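The values are calculated or read from the model by the stated rules, or taken from the named source; none is laboratory data. Fair warning: this is a prediction, and the values are worked out from it, not measured in the lab. We place every Cβ from the backbone using ideal geometry, glycine too, and count neighbours over all the protein chains shown. Heads up: the accessible areas ignore ligands, DNA and RNA and are worked out on the full protein's heavy atoms, side chains in. Shrake-Rupley method; radii C 1.70, N 1.55, O 1.52, S 1.80 Å.
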Amino acid sequence: MMIKAGNNEMIREMEWCRDIVDERLHELFAEAGSSYATLVESMRYSLLAGGKRVRAVICMKFCEASGGRPEDAIDAACAIEMLHTYSLIHDDLPSMDGDDMRRGKPSNHVEYGEFTATLAGDALQAAAFETLANAPLPASSVIEMIKILSYAAGAHGICGGQYLDLSGEGWHLTIDELLELYAMKTAALISAAARLGVIAGGGSYEQVAAADAYAGAIGLAFQVRDDVLDCIATTEELGKPTGSDIENEKSTFASLLGTEACEKMINKETEKAISAIEGKFDNTEFLTWLALVLAERKN
């Protein structure tokens, strides 16, 4: 598959989505003096550190593709970002992956200490569901969205996936075991973002299923790309340490298949994602473009 991801209009759309997500996150986490101000500062430190905001953008653009406005999904998108940030804070802890850098800055536990970082992650997880519960959408939609996000957050999703990842260190996992791990650790939250967007936009069950298929495929491609980048990118390019998979003796698609086979896998999953949404929405141009961009990313 020839990947042509450059498109100034699409880049502007993505930047606009990122900007309004960042604005809303600043509103939700405005600085205020309190006896626990350092905890809130720690939450802001990681949440407002930038990042690609891929999951938030996916949520908003699926809302638009389903007939809504991107802004209709803004609180759902922010909830996704809070949950994602919580998972990154906890992933970096010494008892987990033990990474000292994130997004080009010291990890939360390096900056604020381990107990504050742990509580910042806990508080962001709670804030995600509080934000989603207060979203100005029909109550039935909000309830369904909370069900989806809570499933993705727990033992069936990112927590279970992180458990499989850490417990697999030093073991030689099979391809099937890696597929299960990645489906939970990475694809589950991307899938939740896509489905929340469709629900916020008033989409159909068929569109929810199409969004889920798209997200599952790009989620796998996203994680395989991470495996490759951990082997070939620099710390400066990624904004976090590289080579940690080898150091921790983790099985990855890169270690099992090699980078060339991984590139083919990324392209195959990207094609699957694009096919999943063809004909299911009025306009899939941005979502198609995004799948291609993620396939060829360098960080």
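Hey, with R₀ at 41 Å, roughly what FRET efficiency would ILE143 and GLU260 work out to, going by the Cβ-Cβ distance, to 0.05?
The value I calculate is 0.35.
Output the pairs from LYS147/LYS250; LYS52/LYS268; LYS105/LYS264; LYS147/LYS264; LYS105/LYS272; LYS61/LYS250 with a Cα-Cα distance over 26 Å in this structure; if there are none, say none.
Pairs exceeding the cut-off: LYS147/LYS250; LYS105/LYS264; LYS147/LYS264; LYS105/LYS272; LYS61/LYS250.
Order the following by accessible area, largest value first: VAL110, VAL198, VAL293. Probe radius 1.4 Å; ligands, DNA and RNA are ignored. Could the numbers behind the result be given before it?
Details: VAL110 75, VAL198 0, VAL293 35 Å².
Sorted by accessible area, descending: VAL110, VAL293, VAL198.
What are the DSSP H helices in the chain that stretch 20 Å or more along their long axis, judged by alpha-carbon atoms, and whose average Kyte-Doolittle hydropathy comes to at least -1.0?
8-28, 74-92, 114-133, 139-153, 205-232, 259-277
Which cross-chain or sequence-distant (5 or more) residues have an amide H under 5 Å from the amide H of MET101, H modelled 1.01 Å from N in plane?
So MET101 has HN proximity to SER107.
Could you give the size of the charge dipole of the chain about its Cα centre, using +1 on the Cβ of each K and R and -1 on the Cβ of each D and E, expressed in debye and rounded to the nearest 20? Provide the component values of the computation, followed by the final result.
Details: 25 positive and 47 negative charges, 108 e Å.
The calculation lands at about 520 debye.
What chymotrypsin sites (Phe, Trp or Tyr not before Pro) does the range 28-110 have in DSSP loop regions with at most 15 other beta carbons within 10 Å?
Answer by residue number: TYR36.
Sort out the exposed loop GluC sites (Glu not before Pro) in the chain (DSSP loop, at most 16 other Cβ within 10 Å) and tell me the longest stretch that has none.
Here the longest segment lacking exposed loop sites spans 32-168.
Test of understanding: given the chain, find the longest segment containing no trypsin sites (Lys or Arg not before Pro) that are in a DSSP loop and have at most 10 other Cβ atoms within 10 Å.
Longest gap between qualifying sites, sites excluded: 5-297.
Exactly which chymotrypsin sites (Phe, Trp or Tyr not before Pro) in the range 111-198 are in a DSSP loop and have at most 11 other Cβ atoms within 10 Å?
Of the chymotrypsin sites (Phe, Trp or Tyr not before Pro), the ones in loops of the range 111-198 whose Cβ has at most 11 other Cβ atoms within 10 Å are TRP171.
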